[in-house]
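J.: So that we are looking at the same thing, I have put the structure below in structure tokens.
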Amino acid sequence: MSPPENATATTRSHAESARLATRARRVFPDGTTRATLQRQPHLLYAQSGAGPYLVDVDGHRYLDLNNNFTTLIHGHCFPPIVAALTRAIHTGTCFAHPTCLEIDLAELIVTRVPSVDAVRFVNTGTEAVMFAIKAARAFTGRPKIAKLEGAYHGSYDWAEVSEAATSGNWGDIERPQSTPPYSGTPRTVLDDVVVLPFNNVSHARALLEEQASELACVLIDLMPGRAGLVPIETDYLRMVRDLTQRHGILLVDDEVLNFRQAYEGAAHRFGVQPDLMTFGKIIGGGLPIGAIGGARHVMEVFSALDTAPAVPQGGTFSANPLSMSAGLACMQALTRDAFTHLESLGDYTRAGLRELFESKGWPFTVTGQASLLRVHARPTPPRSYREAYATPAERAVLASLSAQLLERGFIAPTSASWSLSTPMTRTHIDDLLAACADIKDLSLP
Ligand code: PMP
């Protein structure tokens with residue numbers, strides 16, 4: 001393994017990663033099983049992780065600001081999670097019977113999150129969003145959904161619409177186009193998704209009022225990562241909550257990413273009471289998970305107690321004891337003090353980066369809050385997906401920043417949010433800032 005990293009660039013050999021990438025191209029269509037992996041400057045194969053660090057197959061150690069796309073809020077191999085998983089493995093990995101563990105984790109979520117009275121567990125955030133949408137349809141008897149332009153919610157067809165709208169196809173701001181996530185997307189899917197301009201109150205209100213009678217839900221993310229990690233503005237959120245309430249539309253708040261913002265979750269922090277919420281990532285402690293939660297009278301659509309459920313939801317691995325054990329150990333360690341630490345470290349990181357960018361004369365800015373942040377190659381913070389949308393030149397300069405940080409021992413993704421973990425300290429962030437300061441040759445857009 002390489003010695004503790006300093007802030008200066010080293011010439012690292014990535015021979016073993018390159019060898020594995022060549023082997024992988026023979027068995028996977030693009031050499032991977034995830035389109036979202038960073039391939040620039042090259043794929044990095046992981047060997048192991050410990051605390052805030054990841055070690056690659058060539059023996060280099062990195063401070064991991066990806067954390068498996070924000071999942072690992074305690075970093076890698078957090079001892080209480082390792083202990084809980086070890087116990088669970090020895091007592092049975094899955095059963096066609098419920099376990100006490102699922103009640104424990106559900107109770108923790110219901111106790112912490114004010115708008116959640118009842119929960120269902122699934123295996124991914126994608127599934128959680130899919131079932132929340134089905135629940136909203138079954139509850140209201142309406143087919144359509146509305147969502148924020150540029151927001152990512154996983155891979156359910158309706159939720160995917162316009163997640164990757166481009167300046168070439170997004171249409172007028174008054175009425176954003178429903179853009180297909182893949183060629184061959186059924187026209188009916190596009191027709192059943194109303195795309196709302198993000199943080200634009202008047203245009204979004206007009207669209208919601210026009211479509212209200214057909215809408216089952218408005219699907220929101222309070223700080224959508226792909227749309228720039230820009231917090232939803234208060235008057236926009238209020239407008240959406242008022243209109244949904246007035247028209248009997250459910251408000252579905254996807255917190256797969258943003259549940260890590262606070263002890264009670266992001267909705268509490270933003271002062272909104274959604275009808276349904278979705279969870280994933282941190283609540284599984286590093287194992288696959290998703291959950292739908294919400295008001296009891298809405299969650300009743302999943303009940304198979306007396307009749308056939310309005311929404312059938314099963315899943316061979318739903319609430320499996322491994323995910324429940326890891327999730328419980330992770331969440332129990334996320335005390336109020338842990339969130340205070342993450343919040344102050346996040347503020348420290350964002351302030352440090354802003355100061356650094358200014359001193360270097362880079363026209364960069366940082367968005368995000370709590371333990372999440374995102375760097376933009378533009379001088380002022382974007383307020384919407386369209387403003388956050390990076391030009392090819394901006395993308396290239398961000399990729400260069402990421403590549404140069406990699407060479408200095410930091411995994412800081414280009415097109416995903418950077419996230420902090422509880423074992424990180426100001427010393428780690430000072431090292432990150434020193435590494436940024438050491439970069440001399442970013443070709444600015
Ligand atoms: N919703 C949001 C907001 C997400 O960030 C993600 C994953 N990045 C998902 C849903 C999908 O979750 P998963 O990858 O577990 O399917």
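The values are calculated or read from the model by the stated rules, or taken from the named source; none is laboratory data. The structure presented is a predicted model; accordingly, all values stated were derived computationally and were not measured. Here Cβ is always computed from backbone atoms with ideal geometry, including for glycine, and neighbour counts include all displayed protein chains. For the accessible areas, the whole protein counts, side chains as well, though only heavy atoms, and no ligand, DNA or RNA atoms are used. Shrake-Rupley method; radii C 1.70, N 1.55, O 1.52, S 1.80 Å.
J.: Out of curiosity, is residue 152 on the phi < 0 side of the Ramachandran plot, within 14 Å of the ligand (Cβ to nearest atom), surrounded by 15 or more Cβ atoms within 10 Å (Cβ to Cβ) and of a type in the set (Ser, Thr, Tyr)?
T.: yes
J.: OK, next. For the range 55-107, enumerate the residues that are basic (Lys, Arg) and touching a strand residue (DSSP E or B) at 6+ places or on another chain (Cβ under 7 Å).
T.: Selection gives 61 alone.
J.: Given the condition of a type in the set (Phe, Trp, Tyr) and open to solvent by 50 Å² or more (accessible area, probe 1.4 Å), answer yes or no: does some residue in the range 32-55 qualify?
T.: yes
J.: In addition: Please go through the range 342-351 and pick out each residue that is crowded, with 19+ Cβ neighbours inside 10 Å and of a type outside the set (D, E, K, R).
T.: Answer for the range 342-351, where residues must be crowded, with 19+ Cβ neighbours inside 10 Å and of a type outside the set (D, E, K, R): 342, 345, 346, 349.
J.: With (1) under 30 Å from residue 408 (Cβ atoms); (2) among the polar types (S, T, N, Q); (3) free of Cβ contacts under 8 Å to residues at least 60 places away in the same chain as the list, and residue 68 as the residue in question, which single condition is left unmet?
T.: It fails just one condition, (3).
J.: Follow-up. Could you pull out the residue among 288, 274 that is farther than 21 Å from residue 144 by Cβ and not polar (S, T, N, Q)?
T.: 288
J.: If I ask for residues that are in a helix (DSSP H, G or I) and away from the ligand (no atom under 12 Å from the Cβ), which ones from the range 110-130 would you list?
T.: 110, 111, 112 - these are the residues of the range 110-130 that are in a helix (DSSP H, G or I) and away from the ligand (no atom under 12 Å from the Cβ).
J.: Another question about this same structure. Could you list, in sequence order, all residues of the range 222-236 that are away from the ligand (no atom under 16 Å from the Cβ) and of a type outside the set (S, T, N, Q)?
T.: Within the range 222-236, 233, 235, 236 meet the criteria.
J.: Across the range 5-29, what is the total count of residues that are touching a helix residue (DSSP H, G or I) at 6+ places or on another chain (Cβ under 9 Å) and either loosely packed, with under 14 Cβ neighbours inside 10 Å or modelled with pLDDT of 95 or more (or both)?
T.: 4
J.: Here's a follow-up. So which residues in the range 253-299 are farther than 25 Å from residue 81 by Cβ and within 11 Å of the ligand (Cβ to nearest atom)?
T.: Hit for the range 253-299 is 253, nothing else.
J.: Hand me the list of helices (runs of 4 or more DSSP H) wholly inside the range 366-445 holding 1 or more residues that are under 25 Å from residue 45 (Cβ atoms) and open to solvent by 10 Å² or more (accessible area, probe 1.4 Å).
T.: Answer list for the range 366-445: 392-407, 426-438.
J.: Just checking, does the range 74-96 include any residue being under 14 Å from residue 286 (Cα atoms), in contact (Cβ under 8 Å) with a residue 12 or more places away in the chain, hydrophobic (A, V, I, L, M, F, W, C) and assigned to a loop (DSSP other than H, G, I, E, B)?
T.: Yes, the conditions are met somewhere in the range 74-96.
J.: Of all residues in the range 143-157, count the ones that are under 19 Å from residue 312 (Cβ atoms) and touching a helix residue (DSSP H, G or I) at 6+ places or on another chain (Cβ under 6 Å).
T.: 2
J.: Mind checking which residues of the range 345-362 are of a type in the set (D, E, K, R) and touching a residue at least 12 places away in the same chain (Cβ under 8 Å)?
T.: Selection gives 350, 354, 360.
J.: In the list 226, 205, which residue meets the criterion of being under 21 Å from residue 279 (Cβ atoms) and open to solvent by 30 Å² or more (accessible area, probe 1.4 Å)?
T.: Step by step, each of 226, 205 is checked, and only 226 is under 21 Å from residue 279 (Cβ atoms) and open to solvent by 30 Å² or more (accessible area, probe 1.4 Å).
J.: Please specify each residue of the range 68-109 satisfying the condition of being within 16 Å of the ligand (Cβ to nearest atom) and open to solvent by 20 Å² or more (accessible area, probe 1.4 Å).
T.: 68, 69, 72 - these are the residues of the range 68-109 that are within 16 Å of the ligand (Cβ to nearest atom) and open to solvent by 20 Å² or more (accessible area, probe 1.4 Å).
J.: Which residue pairs have Cβ atoms closer than 9 Å, lie 6 or more positions apart in sequence or on different chains, and pair a first residue in the range 296-317 that is in contact (Cβ under 8 Å) with a residue 24 or more places away in the chain and more than 13 Å from residue 136 (Cβ to Cβ) with a second residue that is among the small types (Gly, Ala, Ser) and part of a helix (DSSP H, G or I)?
T.: Taking only residues 6 or more apart or on different chains, the pairs are 313/135; 317/323.
J.: On to the next question. Please find, within the range 155-169, the residue that is nearest to the ligand (Cβ to nearest atom) out of those that are under 21 Å from residue 392 (Cβ atoms) and surrounded by fewer than 20 Cβ atoms within 10 Å (Cβ to Cβ).
T.: Within the range 155-169, the match that is nearest to the ligand (Cβ to nearest atom) is 164.
J.: Return the residues of the range 134-149 that are more than 12 Å from the ligand (Cβ to nearest atom) and either within 24 Å of residue 200 (Cα to Cα) or under 15 Å from the mean Cα position of the chain (by Cα) (or both); say none if nothing qualifies.
T.: Once the filter is applied, which keeps residues that are more than 12 Å from the ligand (Cβ to nearest atom) and either within 24 Å of residue 200 (Cα to Cα) or under 15 Å from the mean Cα position of the chain (by Cα) (or both), the range 134-149 yields 144, 145, 146, 149.
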